[in-house]
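Participant: Here you go, one structure.
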Amino acid sequence: MKNLASMMKQATQMQAKMEAMQTTLEGISIEGAAGAGMVTVVLSGKGDMRSIKIDPSLADPTEMEMLQDLIMAACADARRKLDERAAEEMQKVTGGLNLPAGLKLPF
């Protein structure tokens, strides 16, 4: 019973740390860029787009396909950075505990 009580205490502590991590992630902004910074996208820690900036020189109607590609690339860059940041925060919470592949906490 002593081990069970200890495990329950650890689970409660981990839950509190997870909640703190979620709060931390909600407050961060991650910027992704493409085209040497001509397109930048800012995502929230939850992955919601907060802003997008496009260099006015890209507003050429004949270059719309390139602009669309740059927007996609900037979003992908921001998402990759967000995933890396979330993984770093998760490592802090789990103390290096190896979770099963594909398990994405807390999302």
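Participant: Using Cα pairs closer than 8 Å and at least 6 residues apart in sequence, work out the relative contact order for the chain, in percent. Before the final figure, lay out each step's value.
Facilitator: Numbers: 109 pairs, mean separation 28.8, N = 107.
Contact order relative to length: 27 percent.
Participant: Multiplying the sequence separation of THR94 and ASP48 by 0.36 nm and subtracting their Cα-Cα distance, what value in nm do you get?
Facilitator: The span from THR94 to ASP48 would gain 14.1 nm if fully extended.
Participant: With a 10 Å cut-off between alpha carbons and a GNM built on the chain, which of ASP83, ASP60, ASP69 moves the most?
Facilitator: Of the options given, ASP60 has the highest mean-square fluctuation.
Participant: Using 7 Å Cα-to-Cβ label points, what is the ASP83/LYS2 separation (nm, one decimal)?
Facilitator: The modelled label-to-label distance comes out at 4.5 nm.
Participant: May I pose another question? Mark the label point 7 Å from the Cα of ALA73 along Cα→Cβ and return the residues of the range 38-59 whose backbone N is within less than 12 Å of it.
Facilitator: The answer is 38-40, whose backbone nitrogens lie closer than 12 Å to the label point.
Participant: Next up: Springs between alpha-carbon atoms under 10 Å, Gaussian network over the chain: tell me which of ALA86, ALA74, ALA20 tops the mean-square fluctuations.
Facilitator: For the chain, modelled as a Gaussian network with Cα springs under 10 Å, the answer is ALA20.
Participant: Then there is this: Which one, ILE52, THR62, LEU25, projects farthest toward the positive side of the charge dipole computed for the chain from Cβ point charges (K/R +1, D/E -1)?
Facilitator: Of the options given, the answer is LEU25.
Participant: Quick one: helix 2-26 against the long Cα principal axis of the chain, what's the angle to the nearest 10°, folded into 0 to 90?
Facilitator: That helix lies at roughly 20 degrees to the long axis.
Participant: OK, next. For the chain, modelled as a GNM with alpha-carbon contacts under 10 angstrom, which of THR94, THR62, THR23 fluctuates the most?
Facilitator: For the chain, modelled as a Gaussian network with Cα springs under 10 Å, the answer is THR62.
Read-outs throughout are calculated quantities, based only on the coordinates presented, and are distinct from any laboratory measurement. Given the structure is predicted, the values throughout are model-derived calculations rather than measurements. No Cβ is skipped: glycine too gets one built from the backbone with ideal geometry, and neighbour counts run over all protein chains shown.
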